[in-house]
1. Checking the structure you have, find out if any residue of region B:208-231 is at the interface with chain A (Cβ under 7 Å from one of its Cβ atoms), in contact with a Pro (Cβ under 9 Å, 6 or more places away or on another chain) and modelled with pLDDT under 95.
2. For region B:292-325, which positions are within 18 Å of the chain's Cα centre (by Cα) and not in a helix (DSSP H, G or I)?
3. Starting from residues that are under 26 Å from B:E179 (Cβ atoms) and acidic (D, E), keep the ones in region A:159-186 and report whichever is nearest to the other protein chains (Cβ to nearest Cβ).
4. Looking at B:V128, is it touching a residue at least 40 places away in the same chain (Cβ under 8 Å), in contact with a helix residue (DSSP H, G or I) (Cβ under 6 Å, 6 or more places away or on another chain) and over 20 Å from A:A229 (Cβ atoms)?
5. Tell me yes or no: at least one residue of region A:248-261 is crowded, with 21+ Cβ neighbours inside 10 Å, among the charged types (D, E, K, R) and either in a loop (DSSP other than H, G, I, E, B) or more than 9 Å from chain B (Cβ to nearest Cβ) (or both).
6. Return only the number of the condition from (1) over 30 Å from B:E172 (Cα atoms); (2) out of contact with any Ser or Thr (no Cβ under 7 Å at 6 or more places or on another chain) that B:H286 does not satisfy.
7. Quick check, is A:D32 charged (D, E, K, R), in a helix (DSSP H, G or I) and assigned by TED's automatic domain parsing to the domain that holds A:G95?
Number of protein chains: 2
Amino acid sequence: MGGDNAPEQIVAGALLAAEQVDATISLAGDPDAIAACMAGAAPASIEIVAARDVVAMGESPRAALRGRDDTSLARAVDLVARGDAQAVVSAGNSGAFMALSARRMGTIAGVRRPAIALSLPSESGHRVLLDAGANADCRPEHLVDFGLMGAVYAEYTLGIKNPRVGLLSIGEEKGKGNELTKAAYDLLEATDLNFRGNVEGGDVFGDTCDVIVCDGFVGNVVLKVTEGAASVLFRQIREAVSRSDELRPVAPALAEALREAASQFDASEHGGALLLGVNGVSLVGHGCSDAKAARNAIRAAHRAVEGGLIEHLREVFAARAGENG
Amino acid sequence: MGGDNAPEQIVAGALLAAEQVDATISLAGDPDAIAACMAGAAPASIEIVAARDVVAMGESPRAALRGRDDTSLARAVDLVARGDAQAVVSAGNSGAFMALSARRMGTIAGVRRPAIALSLPSESGHRVLLDAGANADCRPEHLVDFGLMGAVYAEYTLGIKNPRVGLLSIGEEKGKGNELTKAAYDLLEATDLNFRGNVEGGDVFGDTCDVIVCDGFVGNVVLKVTEGAASVLFRQIREAVSRSDELRPVAPALAEALREAASQFDASEHGGALLLGVNGVSLVGHGCSDAKAARNAIRAAHRAVEGGLIEHLREVFAARAGENG
């Protein structure tokens, strides 16, 4: 029921996913509204979990947590919390979704702060940026957790062997950065991660590493700046094309080429962002998700389950607790 | 003598600027090398200031400060420090240049931390982002200084009346952000700046404000991410064009359209970045500056002098000291 295009597009996305994913898909929400969107389709792999309440997009996470057990968001999260589902996906209120996930699923032992991991395209496949916004203020040890979680995600969900982990900073040399990154550098160096040192903002799109670690303030700014830069560039190119007698006739073909390039910057192509560190796969979709984005989100969540993301995260953090204790 | 293309391109840029700018241009460096680049041209408005030493691009700012009076950088900065010039421009070692500017010119009374102000293109002209990298760790009051300096720069150099000042954060509402921005918000609200509250990463390219304030770590990441995103997008578009039978024939016209759009993201078009807060106009050029970038930098420095940037900064900070004292 959450997101700008719910429930129509979300249900449509679930129907698409049902054809491609070997899993049961539970749709939490108003049964009548959902049934109406299914328009007679009734795949055996889709079931409806009734929820009478909805967390609105603008509500504070706090309001969504307090005694609101019958929201579609709470019902969906509870399926994972109770072990009745392995993954939950929502395009709804992301703050409320993250708070509910952390509160009801709990965090994996040893994880100090769950973080949002964004899967970004790279020339060779994917890379991971985290934290993309869950923790505005971080301590150096949080960035170490992010590095560990990002490496597990890269290896077991995205299939990147021995992923290279970089620390987002200003200047490549050790000793460059702010107090947070300088302290985190030392801690990351002491782990058995494949730590490659500092990377810079431009490396977010380069091929110097597979996992990029930063605090949630910086990560969210990176995400928004990237979207903003891409959007203004596309507009400028379209304007330049419309002014040119030579280019105007090929504008449709060019629009297609731009769309293709843009899709690389579109998180919905990659199914949204994972909240790493909670006891279950929790995938935060874009509020503006359409059917394709919803399908991609379900597929991405399914991949994470198939790869054993949560089990591998538990192992890594348990092993570290063993070492430190 | 500094930068990847010195002295040839820098001297060529000075010759271009000499035709357009009503000012004396002093070139600090090896007189023979400079004369060779002038190739017989000898405009009355260009003079040579001899310097035998050069600060290399890789040297630490510390090494450049210590008893190195005869570097081209020190000689150029000293012209302003002594009052023999109003502005200094360098495409050389930027860390050394900033350290020398602050040390030898001194800071304007009341300015706690000089900051790098980047002039970015916007739909309606220009906007200012600061700090773009001088201060990796900031306190809330530093961001207030940045707001005051950025507003003076926007008004008296870029010609933006009553510039709107935004605080770069994550989330638009007051109360969103990290500890630094939340505290800075309250302080900025208490100034008589035209403060518009929080802006997000996407607003760097939007039209919601004229001055965007952030710490130097975040500002540098924004700058590098923007450059990286633009570069990867252009590559993807060029590749898509080369794969398309319909678009390949118009590739040259399209390349021109892309160049035009790219120039909006190219700091060299806008003359580099100003180090605001020191006692003179100090303009930090790109290391890769060519003649056009060097000319633009000289023109931008000249505009700052003509607009009375330093005098207006002194007035604003003196007035604030009066209010607070």
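1. no
2. Matches in region B:292-325: B:G307, B:G308.
3. A:E179
4. No, not satisfied.
5. No, because not a single residue in region A:248-261 is crowded, with 21+ Cβ neighbours inside 10 Å, among the charged types (D, E, K, R) and either in a loop (DSSP other than H, G, I, E, B) or more than 9 Å from chain B (Cβ to nearest Cβ) (or both).
6. Tallying (1) over 30 Å from B:E172 (Cα atoms); (2) out of contact with any Ser or Thr (no Cβ under 7 Å at 6 or more places or on another chain), B:H286 fails exactly one: (2).
7. Taking the combined requirement at face value, the residue satisfies it.
Condition check ((1) more than 18 Å from B:N93 (Cα to Cα); (2) part of a strand (DSSP E or B)) across all residues:
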{"position": "B:G3", "(1), (2)": "no, no"}
{"position": "B:V11", "(1), (2)": "no, no"}
{"position": "B:L15", "(1), (2)": "yes, no"}
{"position": "B:S26", "(1), (2)": "yes, yes"}
{"position": "B:P43", "(1), (2)": "yes, no"}
{"position": "B:V49", "(1), (2)": "yes, yes"}
{"position": "B:A56", "(1), (2)": "no, no"}
{"position": "B:R62", "(1), (2)": "no, no"}
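The values are calculated or read from the model by the stated rules, or taken from the named source; none is laboratory data. Everything quoted here is computed from the prediction, not taken from an experiment. A quick note on method: Cβ atoms are made from the backbone with ideal geometry, for glycine too, and the neighbour counts reach across all protein chains shown.
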